[in-house]
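> Structure incoming, see below.
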Amino acid sequence: MLRLTPLLGLFVAALAGAQGEPLPDLPDPLGRAGMMAAVLREPDGSETIVAAGGTNFPDKMPWQGGQRKYHKEILKLARKDGVWSWSKIGDLPEGLVGAAFCPTPKRDGLVIAGGASAEGHRADVWVVGLDGKVTRFAESMTRPRAYAGFTSANGHLIVIGGITRPDDTTAIATLTSLDLDDPDKPWRTTDADPSYGRIIPLVGAGLRKLVWGGGCSLSEKDGKPFRDYHENLAYQSTDGEGNRFHGLPNKLAGAAGPGVLSQTHLFFVGGDDGTQYGA
């Protein structure tokens with residue numbers, strides 16, 4: 001039920017009337033890693049992309065001693081008079097990267113949970129409106145959580161793995177979920193399971209299955225976190241099939257957002273196979 005594609009970049013199939021149409025690059029020539037984004041619906045029925053946060057190295061690359069910048073801008077990609085263009089519509093409370101995210105059930109806002117900032121990892125849950133305003137969406141997660149895998153399914157935001165602090169040498173080995181239709185309910189968290197203990201794993205949902213795998217487990221090496229890349233894959237079926245386990249064609253982590261569901265497959269776009277890690 002899974003197919004991988006080597007394509008790099010952002011593939012948006014949900015924009016009505018824009019299938020196959022090229023979209024403009026972000027208004028940042030360096031690009032931004034780890035942004036949060038969703039296809040939302042305006043009151044008139046038109047669709048837009050709202051994207052927020054992200055990180056890059058504006059002065060020089062990290063191997064040259066450059067300093068990471070955490071961005072807080074909220075950007076919107078909208079179509080006017082047949083032309084797509086980006087505009088800034090607001091700011092997050094702080095620069096943020098690597099959060100879990102999804103659209104609200106009505107697709108009128110972007111939900112952002114957790115993430116990493118310059119001051120540490122976060123547990124807050126925000127919603128970004130179509131006008132760029134940011135408000136609390138739900139109670140905070142039970143612990144800070146960044147670089148987790150995530151998807152939305154059956155009206156819930158599902159978050160798997162991640163880390164609590166930047167220097168953690170063990171990933172969180174639980175799955176936690178939020179009821180998007182009733183965000184006043186507390187987050188629900190599973191018992192620990194080693195298969196959840198990853199950072200930036202691949203996660204997707206559809207066809208009555210939750211799929212997760214790949215990503216990186218963590219250990220300590222020379223006093224620092226060390227990544228071990230994985231190719232194993234698991235899915236849990238809601239129709240009584242239980243858990244099934246497979247292997248990816250190669251080790252893979254950090255694909256763009258959650259898996260994209262087609263009629264018969266989940267597609268994961270881009271990612272990191274670990275061959276450049278530590279180089």
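Quick note: the coordinates plus some simple rules give every number you see, no bench work behind them. Computed from a prediction, not measured in an experiment: that's the story for all the values here. Neighbour counts run over all protein chains shown; Cβ positions are idealised from the backbone, glycine included.
> So for segment 135-279, averaging the separation of alpha carbon pairs under 8 Å that are six or more residues apart and normalising by length, what relative contact order in percent results?
Relative CO of segment 135-279 lands at 18 percent.
> Moving to a separate point now. Given the options G31, S85, I172, identify the residue whose Cα lies farthest towards the positive end of the charge dipole of the chain (+1 on Cβ of Lys, Arg; -1 on Cβ of Asp, Glu).
The one lying farthest along the dipole's positive direction is G31.
> Can I ask one more? Which pairs, out of K76/K221; K60/K80; K69/K224; K76/K224; K60/K224, put more than 30 Å between their alpha-carbon atoms?
K76/K221; K60/K80; K76/K224
> A follow-up question, please. Take D191 and S85, extend 7 Å from each Cα along the Cα→Cβ direction, and tell me the distance between the two endpoints in nm.
Label at D191, label at S85, 5.7 nm between them.
> Work out the length of the dipole vector of segment 57-120 about its Cα centre, built from +1 on the beta-carbon of each Lys and Arg and -1 on the beta-carbon of each Asp and Glu, and round it to the nearest 20 debye.
Value, rounded to 20: 240 debye.
> Would you work out if segment 33-122 is rounded, prolate or oblate? Take a ≥ b ≥ c from the square roots of the eigenvalues of the alpha-carbon gyration tensor; rounded if a/c is under 1.5, else prolate when a/b is larger than b/c, oblate otherwise.
oblate
> Remind me, relative contact order of segment 31-179 in percent, using alpha carbon pairs under 8 angstrom and six or more residues apart?
17 percent.
> Of K133/K185; K209/K251; K88/K185; K88/K251, which sit over 25 Å apart, Cα to Cα?
K88/K185; K88/K251
> Assigning unit charges at the beta carbon (Lys, Arg +1; Asp, Glu -1) and nothing else, what dipole magnitude in debye, to the nearest 20, does the chain show about its Cα centre?
200 debye
> Next up: Mind running the shape call on segment 20-64? Use the C-alpha gyration tensor, a ≥ b ≥ c as the square roots of the eigenvalues: rounded below 1.5 for a/c, prolate if a/b tops b/c, oblate otherwise.
prolate
> Can you give me the relative contact order of the chain as a percent, contacts being Cα pairs under 8 Å and 6 or more apart?
13 percent
> When a/c reaches 1.5 or more, the comparison of a/b and b/c decides; with that in mind, is segment 151-279 rounded, prolate or oblate per its Cα gyration tensor?
Oblate is the answer for segment 151-279, as a/c is 1.5 or above yet b/c matches or exceeds a/b.
> Could you tell me the calculated FRET efficiency between N250 and D44, based on Cβ-Cβ distance and R0 = 51 angstrom, to the nearest 0.05?
Approximately 0.70, to the nearest 0.05.
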